[in-house]
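The values are calculated or read from the model by the stated rules, or taken from the named source; none is laboratory data. Here the structure is a predicted model, which means the values were calculated and not measured. A quick note on method: Cβ atoms are made from the backbone with ideal geometry, for glycine too, and the neighbour counts reach across all protein chains shown.
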Amino acid sequence: MTDADQLAQFFQSQRPHLKAVAYRMLGSLAEADDAVQEAYLRLNRSDVAEVENLAGWLTTVTGRVCLDVLRARRNHGEEDLEGPAGAEAVEASERDALADPELAAELSDSVGLALLVVMDTLSPAERLAFVLHDMFAVPFEEIAPIVGKSTAAVRQLASRARRRVQGQAEEESEADRARQREVVSAFLAASRGGNFAGLLKLLDPDVVLRTDLTAAGFGATDARGARDVAEVFSGRAQAAQLALLDGSAGLVWAVAGTPRVVFDFTIIGGRIAGIEMLADAGLLGEMVVEVVGAVGE
């Protein structure tokens, strides 16, 4: 098998995931297929021999393609999917998507007509940040180059998009926030108690821990996989507190009331898919950090 054959085979294994990303971004199955095909063409035109995380590279390329499509829609003055006609169009696209077994498996039960309609009210950059980070656990520092903004600015885009989505579906978002807080509370308790098995139950098998440059300067390191991430946290986090980070459940380590390090969680399907350890003072200064009691307190 040639290198080209291996690359094509790997791409096919990633196609359902990339299609799910594109569908979430564009709300159209046909456009999602086109975006994934364009990502494949770019893969063939690129030298990826030095790319360490090819799956992540493909995700960001697909996101960039979708961002171009969304911006073209705005530039051409296309109408948002609002009103009965728009809702019917999204509903039809959703039925087609869920008829695709591989795409349905990727989307699980998180896709819905209401969410697709709400997301169509977001700006292209907001939609990209929200979809890639909140739904597919892509870290903000990887999203930032796609939209040409700083990591802090991208975090704000995602936060603004999250608040808008939550405002449109308040009952659902309240339940979702409660579930997220329960997961983070359980993680904090398992970490403090050295409950390794408990941590494994809460972590997605492919969970990724990422640290920013400031945290790395403290000696923190990245980790990948449930066992490695559980080893990092088992028996630790003694001084951490449960907090809301721009409205989302997370952890904070503060000194004299000033946040020094925050742990931002991405939770997918009830499990922790990503943890970002952030210590950059400029970034923390732009975040709204509210310490809250653990669940049950």
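What the table below lists for this structure:
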{"item": "Residue in segment 280-292 that is under 15 Å from the mean Cα position of the chain (by Cα) and modelled with pLDDT of 85 or more present", "result": "no"}
{"item": "Segment 23-44 - residue that is assigned to a helix (DSSP H, G or I), at pLDDT below 90 and within 20 Å of the chain's Cα centre (by Cα) and, of those, nearest to Leu128 (Cα to Cα)", "result": "Met25"}
{"item": "Boolean, Val147 is assigned by TED's automatic domain parsing to the domain that holds Arg15, closer than 27 Å to Glu286 by Cα, at pLDDT below 70 and in contact with a helix residue (DSSP H, G or I) (Cβ under 7 Å, 6 or more places away or on another chain)", "result": "no"}
{"item": "Single residue of segment 192-206 satisfying the filter (buried (at least 18 other Cβ atoms within 10 Å of the Cβ) and of a type in the set (A, V, I, L, M, F, W, C)) that is nearest to Pro139 (Cα to Cα)", "result": "Leu203"}
{"item": "Those strands (runs of 3 or more DSSP E) lying entirely in segment 207-290 with at least 1 residues farther than 22 Å from Phe136 by Cβ and out of contact with any Lys or Arg (no Cβ under 6 Å at 6 or more places or on another chain)", "result": "241-245, 248-255, 258-268"}
{"item": "Residue count, segment 207-237 (criterion: surrounded by 16 or more Cβ atoms within 10 Å (Cβ to Cβ), in contact with a strand residue (DSSP E or B) (Cβ under 9 Å, 6 or more places away or on another chain) and of a type in the set (Ser, Thr, Tyr))", "result": "2"}
{"item": "Some residue of segment 22-40 being charged (D, E, K, R) and crowded, with 23+ Cβ neighbours inside 10 Å", "result": "yes"}
{"item": "Members of segment 239-296 that are in contact with a Gly (Cβ under 7 Å, 6 or more places away or on another chain) and small (Gly, Ala, Ser)", "result": "Ala243"}
{"item": "Test: residue in segment 238-260 that is at pLDDT below 90, touching a His at 6+ places or on another chain (Cβ under 9 Å) and buried (at least 19 other Cβ atoms within 10 Å of the Cβ)", "result": "no"}
